[in-house]
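The values are calculated or read from the model by the stated rules, or taken from the named source; none is laboratory data. Keep in mind it's a predicted model, so treat the numbers as computed, not measured. Virtual Cβ from ideal backbone geometry, glycine too; neighbours counted across all protein chains shown. Accessible surface areas use protein heavy atoms only, side chains included; no ligands, DNA or RNA. Shrake-Rupley method; radii C 1.70, N 1.55, O 1.52, S 1.80 Å.
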Amino acid sequence: MNITLLVQFLALLEEMKTREEIIPEFERLLDRCGFDFYGVVRQPKPHDNPLRLLLAGRWPEGWPQIYIRKKFVVIDPTIRYLGHAQRGFRWRDTLFAFRSDPHRKRMESMMIEARNHGLYDGYIFPVHGRRGLLGNLTVGGRVVDLSPVEISLFDSIAKRLFWKLLDLTDPEVSAELGSRVEVQMTRREMEALNYLADGLTSNDIGKVLDISSHTVDWYMNGIQEKLKAKNRHHVVAIAFRLGLIS
């Protein structure tokens, strides 16, 4: 049943031209799928107010204010997990990924408080562009078990809905985020980047390419600067999202 509804909404989304058409239709879809709450939001940084980045949403009364006041965006396991995710995932699955995190207790407290506001479980779907993670669609409330096919369809809806709402809300930002990112890499840099993505160290890469580890580090510094990355892990994440590696 849900699969048909999701496919029909994807087709309908292509035809709708205004927020006044899109949002009520999307909320009807969520109601029929069993979800009480949702948010379509641009990706926040740790000190951003998520409400200012909200493209559309429906939340339990008082929850957004609590979320902001307690700065949950800094430790929210779903938001932290989102930075590494390439497809949709379930809220409750994220705590296991941070089982050794120093903020684990605070994460658990946040989840308990969310449940007290009717947010028992849900899903979050990342939206990526040429510039990396741009935003997400999150849906939740009552416990709903989605099939892998339904999750895949929600992934597609998340991407199309995000860009449609962003284009209608702020066309300039939409054009900027949707613009191509030109990254010119030398053959040696691409070789080093691919070996880095395979988990090799500078010494390992040097041996494979028959160059010194210092030369590898020089290439890596150049790659990091071109991608505006904070460290080598960030280099791999950005390169993957830009399609430089697979």
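Here K71 is the anchor, and the lysines within straight C-alpha reach of less than 26 Å, apart from those fewer than 8 places off in the same chain, are K45, K105, K230. Structural descriptor for the chain: relative contact order 19 percent, calculated from alpha carbon pairs under 8 angstrom and at least 6 residues apart.
Report, in debye and to the nearest 20, how large the dipole of the range 46-90 comes out about its Cα centre when Lys and Arg carry +1 and Asp and Glu carry -1 on their Cβ.
On the way: 8 positive and 3 negative charges, 17 e Å.
Dipole magnitude for the range 46-90 comes out near 80 debye.
A 1.4 Å probe, protein heavy atoms only, puts the accessible area of D145 near 110 Å². Once both axes come from the Cα atoms, what is the angle between helix 187-197 and the longest principal axis of the chain, in degrees from 0 to 90, rounded to 10? Tilt relative to the chain: about 60 degrees.
Loop-located GluC sites (Glu not before Pro) across the range 144-246 with a Cβ neighbour count of 10 or fewer within 10 Å are E182, with loop assigned by DSSP. Karplus-derived 3J(HN,Hα) values for the range 90-104, using 6.51 cos²θ - 1.76 cosθ + 1.60 with θ = phi - 60°, are 8, 3, 5, 6, 6, 4, 4, 5, 10, 5, 10, 6, x, 9, 3 Hz; glycine and proline are entered as x. Between the Cα long axis of helix 148-169 and the first principal axis of the chain there is an angle of about 90°, rounded to the nearest 10.
Build a GNM of the chain with springs between Cα atoms under 10 Å apart, and of I211, I112, I151 the one that fluctuates most is I211.
Remark: relative contact order (the range 106-242) = 21 percent; criterion is Cα-Cα distance under 8 angstrom and separation of 6 or more residues.
Within the straight-line cut-off of under 19 Å between alpha carbons, the aspartates and glutamates reachable from K17 are E25, E27, D167, D170, E172, sequence neighbours fewer than 8 places apart in one chain being disregarded.
Taking 13 Å as the cut-off, the amide N atoms of the range 61-93 that come nearer than this to a point 7 Å along the Cα-to-beta-carbon line of I151 belong to 85-93.
In the chain, the longest principal axis of the Cα atoms and the axis of helix 2-15 are about 80 degrees apart. Centroid-to-centroid, using Cα positions, the range 211-233 and the range 93-146 are 33 Å apart.
Surface exposure of the chain, expressed per residue as accessible area with a 1.4 Å probe, stands at 55 Å². Full extension of the chain between N194 and R142 gives 14.5 nm of extra length, using 0.36 nm per residue less the Cα-Cα distance.
Label-to-label distance, D217 versus T18, with points set 7 angstrom from Cα along the beta-carbon direction: 6.1 nm. Counted without the sites themselves, the longest stretch of the chain free of trypsin sites (Lys or Arg not before Pro) in a DSSP loop having at most 13 other beta carbon atoms within 10 Å is 18-70.
About its Cα centre, the chain has a charge dipole of approximately 620 debye under the convention of +1 per Lys or Arg Cβ and -1 per Asp or Glu Cβ, with nothing else charged.
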